[in-house]
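Have a look at the structure below before the remarks.
The values are calculated or read from the model by the stated rules, or taken from the named source; none is laboratory data. Everything numeric here is computed off the predicted structure, so don't read it as measured data. Cβ placement follows ideal geometry from the backbone for every residue including glycine, while neighbour counts extend to all protein chains displayed.
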Amino acid sequence: MAECRVRRSTEADLPVLAGMRRSLAEHLAACDPDLWELAPDHLNRMAEFYAGLMKNENTRIFLALDSTDAPTGMVMVRLLENQMLKPSRFGRIDDAWVEPGSRRQGVMRALVRAALDFIEAQNAGHVMLDYSVQNTISATAWQRMGFRPALVIAQATLELVRQRCR
């Protein structure tokens, strides 16, 4: 397992984070071309988006670095509250990415540990995330860490559903 250091990202990391998020978008599109994509305008403004999130005390973006301090992965985690749910306070992991050459070396586990530390420090005991079922790399990694599918989000075009509902 390669050496990996995880730290909270800073504004200086915004170009790297935006690049990783673009790589994630490309990876997801390759896994499932029918999956909804981020709008190109939003993708082009990812650095601004992340800069705003960095100011939110309920959000953390963590960056993984290898032994040479080269960025190898990222994860965003948000603390959410919804009084209609039990538990009402929980963490949500988003925008998880590990560079292809750094996969299967414990980078995502290290990022998730940082996310869990943040969630626990906020007195929340649960964490959730979503991933594309066609993204087998992600599905395998998340399930090995103890996540299990709990809900199914299905999508279709109106045209397809109309054809099948005749």
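Here are some notes:
- Of the residues in segment 150-159, not one is part of a helix (DSSP H, G or I) and crowded, with 18+ Cβ neighbours inside 10 Å.
- For segment 55-84, a residue qualifies if it is over 13 Å from Phe118 (Cβ atoms) and not in a loop (DSSP other than H, G, I, E, B), and the qualifying residues are Leu63, Ala64, Leu65, Pro71, Thr72, Gly73, Met74, Glu81.
- Near pairs, Cβ below 6 angstrom, 6+ apart or cross-chain, from segment 104-131 (part of a strand (DSSP E or B)) to any residue that is of a type in the set (Val, Ile, Thr) and buried (at least 18 other Cβ atoms within 10 Å of the Cβ): Val127/Ile119; Leu129/Ile93
- Among the criteria (1) part of a strand (DSSP E or B); (2) buried (at least 18 other Cβ atoms within 10 Å of the Cβ); (3) touching a residue at least 40 places away in the same chain (Cβ under 8 Å), the one Arg7 does not fulfil is (2).
- Residues within segment 10-23 that are hydroxyl-bearing (Ser, Thr, Tyr) and either on the phi > 0 side of the Ramachandran plot or not in a loop (DSSP other than H, G, I, E, B) (or both), tallied: 1
- Pair list, Cβ < 6 Å and 6+ apart or interchain, from segment 82-97 residues that are under 13 Å from Asp130 (Cα atoms) to residues that are assigned to a loop (DSSP other than H, G, I, E, B) and not charged (D, E, K, R): Gly91/Ala124
- Checking each residue in segment 24-43 for being in contact (Cβ under 8 Å) with a residue 60 or more places away in the chain, among the aliphatic types (A, V, I, L, M) and assigned to a loop (DSSP other than H, G, I, E, B) picks out only Leu35.
- Options Thr72, Thr68, Thr136; residue that is of a type in the set (Val, Ile, Thr) and buried (at least 18 other Cβ atoms within 10 Å of the Cβ): Thr72
- Qualifying residue in segment 101-119 (condition: within 28 Å of Ala47 (Cβ to Cβ), hydrophobic (A, V, I, L, M, F, W, C), at pLDDT 95 or above and in contact with a Cys (Cβ under 7 Å, 6 or more places away or on another chain)): yes
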